[in-house]
Amino acid sequence: MHTALLIIDVQNDYFPGGAMELVGATEAGARAGQALAVFRERAWPVVHVQHVADEPDATFFLPDTAGVEIHPSVSPRPGEMIVRKHYPNAFRETPLLDHLRGQDVTRLAIVGMMTHMCVDTSVRAAADLGFECLLGHDACATTAQSFGDVTVSAEDVQTAFLAALDGTFAEVLSVEELSARL
């Protein structure tokens, strides 16, 4: 079984001072960096996913801005693939699937941001494509969400999405537990 690390959208705009700051981004970025260190020590494949907004009304991840850049906590090294995407699903209209299949990857360790959007969408897609998914919950971050008159806290959004993914689409683990499973 070949395992790759998929780092989804750990980009400057999600961190303090960014255009779309997430709750717990700094801590999640540090944990994602810990997972990255494990994969680098083992010389296992790493894929950085970078969202670049191409919608005319986009307010973050704008091309040619500091906010779109991958955060220093997970800075890519030469030889690590960077997949640029324009949709929440990291597989949609990108070379990700072909790249993973070309390396005989069957299991993905996944970390990233926003849990309720790009992480959720990409994990579900990966599972549907036949990958075994391990999701590092403490290396993910999100933000509060509103519907009608109700606002759901970032903590509750995070918990609800992780609970929905766990068991059916991924095994949800801490980065420490995930690293021990590898």
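Which values of log₁₀ I(q)/I(0), to two decimal places, follow from the Debye formula for the stretch 137-182 at q = 0.18, 0.30, 0.31 Å⁻¹ with a uniform point scatterer at every Cα? Scattering profile of the stretch 137-182, log10 relative to I(0): -0.61, -1.08, -1.10.
Mean residue ellipticity at 222 nm, helices only, the chain: -8500 deg cm²/dmol; runs of at least 4 DSSP H residues each add -39,500 (n - 2.57), and the sum is divided by the number of residues.
If you average the alpha carbon positions of the stretch 1-51 and of the stretch 91-147, how far apart do those two centres end up, in angstrom? Taking the Cα centre of each part, the stretch 1-51 and the stretch 91-147 sit 12 Å apart.
Expressed in whole Å with the largest first, what are the equivalent ellipsoid semi-axes of the stretch 1-140 derived from the C-alpha gyration tensor as the square root of 5 times each eigenvalue?
22, 17, 14
Projected label points at E177 and I82, each 7 Å from Cα along the beta carbon direction, are separated by 3.3 nanometres.
Since every read-out is calculated from the coordinates, none of them should be taken as a lab result. Quick caveat: nothing in here was measured; it's all calculated off a predicted structure. Positions of Cβ are backbone-derived with ideal geometry, glycine not excepted, and every protein chain shown enters the neighbour counts.
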